[in-house]
Every structure is written in C-alpha cells, then in structure tokens.
1. If I filter the range 172-208 down to residues being over 20 Å from ARG307 (Cβ atoms) and β-branched (Val, Ile, Thr), which single residue comes out as farthest from ligand 2 (Cβ to nearest atom)?
2. Every residue in the range 211-250 that is in contact with a strand residue (DSSP E or B) (Cβ under 6 Å, 6 or more places away or on another chain), more than 10 Å from ligand 1 (Cβ to nearest atom) and under 14 Å from PHE261 (Cα atoms), please.
3. Applying the selection to the range 211-252, what residues are polar (S, T, N, Q), in contact (Cβ under 8 Å) with a residue 40 or more places away in the chain and in a loop (DSSP other than H, G, I, E, B)?
4. Just need a number here: residues in the range 153-210 that are within 19 Å of GLY360 (Cα to Cα), more than 9 Å from ligand 1 (Cβ to nearest atom) and assigned to a helix (DSSP H, G or I).
5. Mind checking which pairs have a first residue in the range 5-23 that is more than 14 Å from PHE347 (Cβ to Cβ) and a second that is among the aliphatic types (A, V, I, L, M), Cβ under 6 Å, 6 or more apart or different chains?
6. Which residue out of PRO57, PRO14, PRO25 is surrounded by fewer than 17 Cβ atoms within 10 Å (Cβ to Cβ) and either within 16 Å of ligand 3 (Cβ to nearest atom) or at pLDDT 95 or above (or both)?
Amino acid sequence: MKMKAAVAWQAKAPLEIEEIEIQGPKEGEVLVKMVATGVCHTDAYTLSGADPEGLFPSILGHEGGAIVQEVGSGVTSLQPGDHVIPLYTPECGTCKFCTSGKTNLCQAIRSTQGKGLMPDGTSRLSKDGKPIYHYMGTSTFAEYSVLPEIALAKINKEAPLEKVCLLGCGVTTGIGAVLNTAKVEPGATVAIFGLGGIGLSCIQGAVLAKASRIIAVDINPEKETIARQLGATDFLNAKDISGSITEAIIDMTDGGVDYSFECVGSVKLMRDALECCHKGWGESVIIGVAGAGEEIATRPFQLVTGRVWKGSAFGGVKGRSQLPTYVEDYLSGKIKVDEMVTHVLPFEDINKAFDLMHEGKSIRSVITF
Ligand code: NAD
Ligand code: AHE
Ligand code: ZN
Ligand code: ZN
C-alpha cells in the first residue's frame, strides 16, 4: 500500500515527506500504524553522515508508539489492535545473547538490521520500484512500518502512545544505564555529562537509585532548571569552568564520583567522564554514540588504579520482557516522561524537530501522525 514517509535521501539534507510504498508483513512480521515518534539525537547523528552503518535512502526513526494493523503468518504473540513500542534491540529469547543472562543485545537479526533490511534480506519499503532502506529495524518516521515480531513490545493500551514512545529509546536508555548497567547504589555520587533526553533520564535513574549527589554537566545553561527539577543536586556549565571539568568534579567530591555517564557522544568528554571517577572503584558508562573513525583514549593507569569503563545500549533493557514494566511505572508515576516532551509537532514539520534539537531548544520533540 501507499503511505507518507519522511525519506532521508542523502546525508546532511532535510528529510522529504513523500508518498512511498510499503509491502505487507511476511512470515514472522507485523505491520504497525505509527501514532507518534520521538526524535533522538541518534537519528540526527545518522542523518549527519557520521554513522558507519548509515544508509541512504532510508526511513529514520526509532522512538515510536504504534498500533498493530496486520500480522504475518506464524505470528502468535500479537494481534491487530495491540499497542506496541518498536524495539531497535529486539528480544528473540533463544539466541546465545538472550539466554546468556548477561546482556540485552539480542543478535538474532542484528546483521540484516545493520544493512537496513528485514531478516529475509529484503526491504518492505520502496519508491517507484526502487528500494528504500529500513533504519535500526524500526523506521518510525512513517505512517506505517513493518517489523519482525521479536522487535515489538506489547504494552498497556491505557498508556498514551504520544508519551510512551519515548520509552522506545531516550527515557529507558538513561534510566536503564543507571539501574542496570552501573547498578548505582543508595548514597553513591554521580556525574552526568550532557542533559538531553538521555542525560536527563540518567538523572531520573540516579534519583530512583537514591544517589546522594547528582552532578549534572552541560554547556547549555538553559538545561539547569529541568536538571534540578528532575533531581540534580549540582549543575556545572562546562563553559564556565576555568580549569578542567575533571578537576572541578574531583574537587567537589573528595576524589571523584562513584559513577559517571557520558550522554553526548564526544570522545573527549568520554575521557573526562572516566577520569572524574574515584580512584579504586569509580565506574564510567559510555552512552553517547561517537562518529565513524573516532576512538577513545586514556592512560591505562586510570584503569590499573581501579576505574572501570563500560558502555550501555538501550539501558541494558530487554525490550519484550522488561519494557512493559517501564510503561506501567510511567502510568503509576514512578517514571517521568511528560517532562521530556517540550514540543509536539505534526509529521509535516519533522525537520523542525531536528532544528530545535541542534539549537538546544528542545529536550524531546514528539511527532504525531
Ligand atoms: P541531545 O542532543 O538531546 O542532548 C545532548 C546534550 O549534550 C545537549 O543538552 C547538549 O547541550 C549537551 N552537550 C553537547 N556538548 C557538550 C559538552 N561538550 N559538554 C556537556 N554537554 C554537552 O541528545 P540525546 O538524544 O540525549 O542523545 C545523547 C547521546 O546519546 C547521543 O550521542 C545519542 O546518539 C546517544 N544515544 C545512545 C543510546 C544508547 O543506547 N547507547 C541511546 C540513545 C541515544
Ligand atoms: N551504528 C553505529 C552505532 C550506533 C549505536 O551505538 N546505537 C546504539 C543505540 S543509539 C539509540 O539512540 C545501540 O544500541 N547500539 C547497539 C547496536 O547493536 O547497534 C556504529 O557505530 O556503527
Ligand atoms: Zn535513540
Ligand atoms: Zn536473541
């Protein structure tokens, strides 16, 4: 059938709303109608051309809230009318990774997903007969999307999809990185670098973990208010610090923080985040996504002397089995999502969401269809 989609024809160019074709679901696949989608910095990163896996033309977007329209043969866990959140980290439940008990990084369909294709190696998206690539297995910047059954989390229908779409990436990633990856304990000190949707959600996670001190760092002074509202105890504008940000944090915390989180995607900041951790035990978690060819560096002595460098994808959360609980926690008020939505835009204005992000004026823009 035909649908409207925001096509990324090439890197560094605005998305173009086009009428394109989408094929129905094949075996093990599901057609969903998008109700809303957030715009994450990772979408901008890929559109910028910095993503080594970036493919064009493609339909970007990975923070969706949707309703099942049609299921392909063999699909047993979903039916039309179900409310779902697309998962860029699926959960097959049976692969080596899913059964390891050590990671959320299901690899059942990772290789085709990284090539912009469905698990059978083809695309369901095209324009005038020419294929368009899927993105992160989700392609939420369109009226409809086709996904494998294992890449959809069924959620409570009472949850507003124009809010809980943000649990498809930003909010879950930040909270999960603190609770699952770092496992921050009560009384711990925490530093968070970058206060977008991810960093602000790390603040939420640190509050849930009962951290004693939450130092929020950004270069945009307008982030201080929301950071403090969510529970940051300190705000540092990195541009106002005369010496190094690392030394400033070490001085504030009697030797460094117990945990730090990099939520920007800057390899320089990743180093700062590691090196502001306490000698002997401090742990730093990389969440930000760096561009092609970039590498992290530190003196090995930093690790020899007990600091730990980790990374986190989708907050270590297993989408099908654990994301529904995040939705329930939102409905009960334990997790804050509404506060992240600074702009709601019609689909036609999707490029404005990218502008607002680059101008530092939004936390999350939600696109409605
Ligand atoms: P965002 O654009 O909403 O926020 C980034 C924030 O970083 C902004 O507030 C900006 O002012 C701040 N910033 C920029 N340079 C800075 C600096 N030098 N020092 C301090 N602050 C600085 O981005 P987002 O959507 O929150 O995403 C953040 C990062 O996390 C991106 O790299 C994104 O690709 C990545 N990400 C990773 C995962 C994952 O699973 N690992 C998931 C989602 C997003
Ligand atoms: N394609 C990039 C890496 C992009 C990346 O790190 N993606 C994160 C999610 S960002 C969501 O906003 C992730 O979960 N990665 C795990 C995975 O398997 O992709 C590159 O460098 O090639
Ligand atoms: Zn994201
Ligand atoms: Zn798996």
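1. It comes out as VAL207.
2. ALA211, ARG213, ILE214, ILE215, ALA232, ILE249 - these are the residues of the range 211-250 that are in contact with a strand residue (DSSP E or B) (Cβ under 6 Å, 6 or more places away or on another chain), more than 10 Å from ligand 1 (Cβ to nearest atom) and under 14 Å from PHE261 (Cα atoms).
3. ASN220
4. Looking only at that region, the number is 4.
5. What qualifies is ALA8/LEU15; ALA8/LEU47; ALA8/LEU60; ILE22/MET3; ILE22/LEU125.
6. PRO14
For (1) β-branched (Val, Ile, Thr); (2) surrounded by 22 or more Cβ atoms within 10 Å (Cβ to Cβ); (3) outside the structural domain of GLY199 (by TED's automatic domain parsing), each residue gets a yes or a no:
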site: ASP51; (1), (2), (3): no, no, yes
site: GLY72; (1), (2), (3): no, no, yes
site: SER77; (1), (2), (3): no, no, yes
site: PRO86; (1), (2), (3): no, yes, yes
site: ILE109; (1), (2), (3): yes, no, yes
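The values are calculated or read from the model by the stated rules, or taken from the named source; none is laboratory data. Source: prediction; values computed, not measured. Virtual Cβ from ideal backbone geometry, glycine too; neighbours counted across all protein chains shown.
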